[in-house]
1. Under a 5 Å amide H to amide H cut-off, with H placed in plane at 1.01 Å, what residues pair with ALA264 once short-range neighbours are removed?
2. Which percent of the accessible area of the chain is formed by carbon and sulfur heavy atoms (probe 1.4 angstrom)?
3. Using alpha carbon centroids, what distance separates segment 157-190 and segment 320-347, in Å?
4. Report the Cα-based extents of segment 69-186 along its three principal axes, largest first, to the nearest Å.
5. Please compute the net charge surrounding GLU244, taking Lys and Arg as +1 and Asp and Glu as -1 over other residues with Cβ under 13 Å from its Cβ.
6. Read phi for every residue in segment 96-112 and hand back ³J(HN,Hα) as whole Hz from Karplus 6.51 cos²θ - 1.76 cosθ + 1.60, θ = phi - 60°, with x for Gly and Pro.
7. For every other residue with a beta carbon closer than 11 angstrom to the beta carbon of SER110, add +1 if it is Lys or Arg and -1 if Asp or Glu, then tell me the sum.
8. Here are some pairs, LYS149/LYS289; LYS105/LYS182; LYS289/LYS367; which of them have Cα atoms lying more than 26 Å apart in this structure?
Amino acid sequence: MESGIILDASAIMQLMTSEHIENFENVAISESLILDNPPSIPALMFINCVFHNWFVLANYKHPISLNFINCEFRKGVFISGLEGRNSSQRFHFKSCIADTIRFDKNFISSGIEFINCLFQTLEIYESEIRGEFSCTDSEVNEVTFNLSKIANATFHGMKKVEEFQAFTCEFFDLSIRFSNLKKVSLVDVFCWRIGIYGATIESLWFYNVIGLQHLISSSFSKGCFIEGSLKTDRPKPGGELRIEQCDLSGGLTIKGDALTFLKATLDCANFLNGVVLFDGCSVDSLIFKGTNTKGDITLTNVDLKALEFSGFINKSELTFINCSVSYSPHGELQILDSDLGNAKFFNHDFSRYNFVKIKHSLLEEIKFASCTWFSFDQLRSHMSSENVLLNTNEQGRARREAFRQLKQASEKQGNRIQSLEFQAHELKALEQELSFTRKFLFEDRLILLLSKTNRYGLSWTVAFSWVFGLTIAFYIPMALLASKGISWLPPYSITAAFKSLCSVLWDHIGIFLQMFNPAHSPTSLLDNKTNLSPWYFLLDGIHRIVAAFLIVQLVSAFRKYVKS
């Protein structure tokens, strides 16, 4: 074709159908070019062309490759009713300018590509695109997806997008990379993976968005909102949320009682700032990584099954408020190689986790109120590959260190009662650690063994039971040794022997009562103070030593709430 030619639509149609011309270059088309159910056109290419009105392709069911290079559409492009289920249909726009590009009620098997284009609006309505939808290095005022299914949609290096929105759509993969967008809104969207990488976005709003959601190395200056509602008929499988190295100076709000994530990862990595709020959602596995230097992270009324801090250092704010823990066989709390700083926990039930793993971490500065803590057996710092507890001295050392730090945290808050519970667990862990030493009677092991007589200072009833039980055990042989009328010959019957024993014990009941006084004299209550067996004095001496120790244990347990 000669350059600079002005043709009307009928001339273009004549050239396409009669002369089978597929390439048009340097042509100006003066009126709308409407291809409605045209004959088979395998390929069309327009280079350096100007369309003064609309370009329309409708109701086409044959293979086609449609290419526009360096073209200008004064009105726009409208493509509708394409049926490419059994044919290849591909559309390519490069360095084009248009007011409106609209795809409406299409089935496109191959794909659509825009490179270095400038559009006012780009609209995809009630269409299914099985191939790649790609928009690169372009500037679009408004991008809209509505009631559509897209296999893979990629926006890369977008110079400017004023508004990006999708309503009731399905994507297999939606990727926004290194692009500048002002407002992003996704409502009722099902997507296997949504990735926002290295993008600059003023505001982002996700509502009832289901799938993997990755926000990585991006900035959101006016806020980021991810919300969910019970009022939806769409299926709600769990998705994944990953936030990594993002500037959230405008804040991030994740809210909704129907919003569920199988996994949510917050990787601070020295770059996270702004307020991050999880409110009322459900997260099966929540993971914190990196260094939180400027972020203010708050979780309120969040339902958790597993919580993990891995290589996490908290230098700013981290708060858990009224977060519930739903029991799961795989539910666990893991704090690994982390420093929680002044993290705060309010009304958190740590006992609901199936097991707790704490290794090489700092917990002394955390603050908590109205919390229920995990038991000694729940803390399992060393597990086998089959999650079987390994009872080693390393296990005991890790447990002891964890409970020591929790004890210190309790004492800093003046929580004497809770600190004593942690102290008891700490001493029990120390005993476990020492039990693997070679010296069976190692002096610290003996101290810890004797400390069990009042449950490491927490139970006066245990100490009293030891005093009473051992006193009875010593009293019986001492009463028999103090009795002069007892016969050691075989009895006529068991009944007679039992009655004789009861008589002897009752006759010397004064000895039993006096034995509760460790300072008593061995013969102070005996009428016959001579010819006593040396065994009587030996048993009495041993008992007085044991009773004195146990009474001290009893008294110390009563004084557990009195700070020494």
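The values are calculated or read from the model by the stated rules, or taken from the named source; none is laboratory data. Values in this document were obtained by computation on a predicted structure and should not be read as measured data. All Cβ positions, even for glycine, are placed from backbone atoms using ideal geometry, and neighbour counts span all protein chains on display. Heavy atoms of the whole protein, side chains included, go into the accessibility calculation; ligands, DNA and RNA do not. Shrake-Rupley method; radii C 1.70, N 1.55, O 1.52, S 1.80 Å.
1. Close amide H contacts, sequence-distant or interchain: LEU241, SER285, LEU286, ILE287.
2. Numbers: 14420 of 26370 Å².
Here it works out to 55 percent.
3. 33 Å
4. Result for segment 69-186: principal-axis Cα extents of 36, 30, 19 Å.
5. -1
6. Going residue by residue, I get 10, 10, 8, 6, 9, 10, 9, 10, 9, 6, 10, 10, 10, 8, 9, x, 10 Hz, with x marking Gly and Pro.
7. Working: positive: ARG90, ARG130; negative: GLU113, GLU132.
Net charge around SER110: 0.
8. Where the Cα-Cα span goes over 26 Å, the pairs concerned are LYS149/LYS289; LYS105/LYS182.
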